[in-house]
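Heads up: the structure comes next, in structure tokens.
The values are calculated or read from the model by the stated rules, or taken from the named source; none is laboratory data. Small disclaimer: the values here were computed from a predicted structure and weren't measured. Every residue, glycine as well, gets a Cβ built from its backbone with ideal geometry; the counts of neighbours run over all protein chains shown. Just so you know, the surface numbers come from the protein's heavy atoms only, side chains and all, with ligands and any DNA or RNA stripped out. Shrake-Rupley method; radii C 1.70, N 1.55, O 1.52, S 1.80 Å.
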Amino acid sequence: MEEGVSLKREVGKIGAVSFIAGTMIGSGIFISPQYVLLAIGSPGASFIIWACCGLISMLGGLCYAELGTIIPESGGEYIYMLRTLGQIIAFLFVFSFISVMRPASATGIALSFSEYVVAPFYSDCAPPQLVLKCVAAVAILAVALVNCLSVRLATSIQVVTMTIKSLTLAVIILGGVVMLFQGNTANFEDSFTGTNVGINAIGVAFYQGLWSYDGWNTLNYLTEELKQPEINLPRALVIAISLVTGLYLLVNVSYLTVMTPMELMSSTAVAVTWGNKVLGSWGWIMSLAAALSAFGSLNGTFFSGGRVCFVAAREGHMPDILSMAHVHRLTPSPALIFTTVISLVVLIPGDFQSIVNYFSFTAWFFYAITLSGLIYLKIKKPELPRPYSVPIVLPILVLLVAMFLVLAPVIDQPQIEYLYVALFILSGAIVYVPFIHYKLCPGLFNKVTMFLQLFLEVAPAEKNL
């Protein structure tokens, strides 16, 4: 019997803040402002949406910090559902997460990365879709390679790109401040004129805004690799989400100082348009910085997504090979390779705005289920050790918000695509019943597993609690 290996606790406080903030500050703040403004209709209302998105992320993060200290295992929502709501719900989540949610998130970020990379070469026209998707595919493969090679290298990239992102946003903010002092305040007059108050408009605006905040739960996916999680998990969450919210609000002020609402809504790459107006011939720097920002976010998305696949396999919900780690590098390389393949498949028909809407719908559906698990633990199991705790009103409040985000667009403006998403989530039961519950064909993958184990130099991994 081969001795198991385990993932090491190599992520400290700075790495933890960088993973959260670095995954959150990706492509969203450089692209989503136009979609938020387009949906809600006015600059004033868009600021309220951005502030509320930050508040929701903070409250959700604090609730997840308690879950992460009660159940100190990697895997995020999957492991919390497994421990609180049982096998079937957890499997339906991981089935959706691995096949749709995480690949959709990675694909959306990779597409926006490619838009910024190719933007300087297609200044007079829209870049061809084939070029965009090829560049996105190269980015996905590069990030997968980094994560397979070394946890330390992936963490270092996260810290470096986080620094670049912060400097980029600081440049945008300072540029906006200078323009404000020069008297460019016309776009803030009558800032609530034209606000769309329809439920669907508000829901879509929140979807687009929350896409930019996505990643607030990143640390919960890698709790077993975090040093002193009972201290660093809640602390890193508060620091990172507060920092990101402040930066996002100031960046939106800068965008609207430099561009009219119409210019902002019609821009395909907001940061590049801003750079061309403020920096002139140096505008290409914003394109480069936004691309590096998206690359860092993609890195964090892959790092956390691979861990969910890895933990699900360790619990028997995925093929055994995906629960193994490299014997020397101690990275979950089979799970990362699997996630890469799925992401490349999702990239083929990918469309950024559709990806955001359907990813957000599915994500907040499962956030609601996870939060109901925390409420259950608070009511039914108050005796569990809690190094960190929040008042029960917080998970109830975030649960209500999550229910609104899931139901509002469906009720106000029903689309057949939402039904398809719901049916896809439930279709996981078709896989669960024969292969997980009744364990049909248990030896089907044995020879493949043995071959891949030798080929990839991996061994079964133990929990690191």
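For this structure, a couple of remarks:
- Rounded to whole numbers, the Karplus 3J(HN,Hα) couplings from phi for the stretch 115-127 are 4, 6, 5, 8, 3, x, 8, 10, 5, 9, 8, 6, x Hz, using 6.51 cos²θ - 1.76 cosθ + 1.60 with θ = phi - 60°, and x at Gly and Pro.
- Accessible-area value, T223, 1.4 Å probe, nucleic acids and ligands omitted, Å²: 0 Å²
- Gyration tensor verdict on the stretch 38-151 (Cα atoms; rounded if a/c is under 1.5, prolate if a/b is larger than b/c, oblate otherwise): oblate
- Prolate/oblate/rounded call for the chain, Cα gyration tensor, a/c under 1.5 rounded: prolate
- For the stretch 67-220: relative contact order, % (alpha-carbon pairs under 8 angstrom, 6 or more apart): 21 percent
- Those aspartates and glutamates that a straight Cα-Cα span of less than 19 Å connects to K447, excepting residues fewer than 8 apart in one chain: E2, D320, E457
- Built amide H within the under 5 Å cut-off of N184, gap 5+: none
- FRET efficiency estimate (nearest 0.05) - Cβ-Cβ, R386 to V178, R0 51 angstrom: 0.60
- Label zone at E462 (point 7 Å along Cα-to-Cβ), backbone N below 18 Å, the stretch 207-230: 224-226
- Top positive-direction residue, dipole computed over the chain with Cβ charges, set A106, S372, V448: V448
- Taking the Cα centre of the stretch 1-130 as origin and assigning +1 to Lys and Arg Cβ atoms and -1 to Asp and Glu Cβ atoms, the resulting dipole is close to 200 debye.
- Rounded tilt (10° steps) of 352-380 against the dominant C-alpha axis of the chain: 60 degrees
- Cα-based helix-to-principal-axis angle, 199-213 vs the chain, degrees rounded to 10: 70 degrees
- Length-normalised contact order for the chain - Cα pairs under 8 Å, 6+ apart - percent: 35 percent
- Taking every C-alpha pair closer than 8 Å and separated by at least 6 residues, the mean separation divided by the residue count of the stretch 283-336 gives a relative contact order of 26 percent.
- Per-residue SASA remark: K13, around 90 Å² accessible (1.4 Å probe; ligands, DNA and RNA not included).
- Extension gain (nm, one decimal) between H328 and L397, 0.36 nm per residue minus Cα-Cα: 20.3 nm
- Reachable lysines from K378, criterion Cα separation under 26 angstrom, eight or more residues apart if same chain: K227, K463
- Linear extension gain, W282 paired with V138, 0.36 nm per residue minus alpha-carbon span: 49.2 nm
- Under 18 Å from the A186 label point (7 Å along Cα→beta-carbon), backbone N, the stretch 272-315: 274, 277-278
- Using alpha-carbon coordinates, inclination of helix 446-456 to the longest axis of the chain, degrees: 60 degrees
- The stretch 99-173: C-alpha gyration tensor shape, a/c 1.5 cut-off, then a/b vs b/c: oblate
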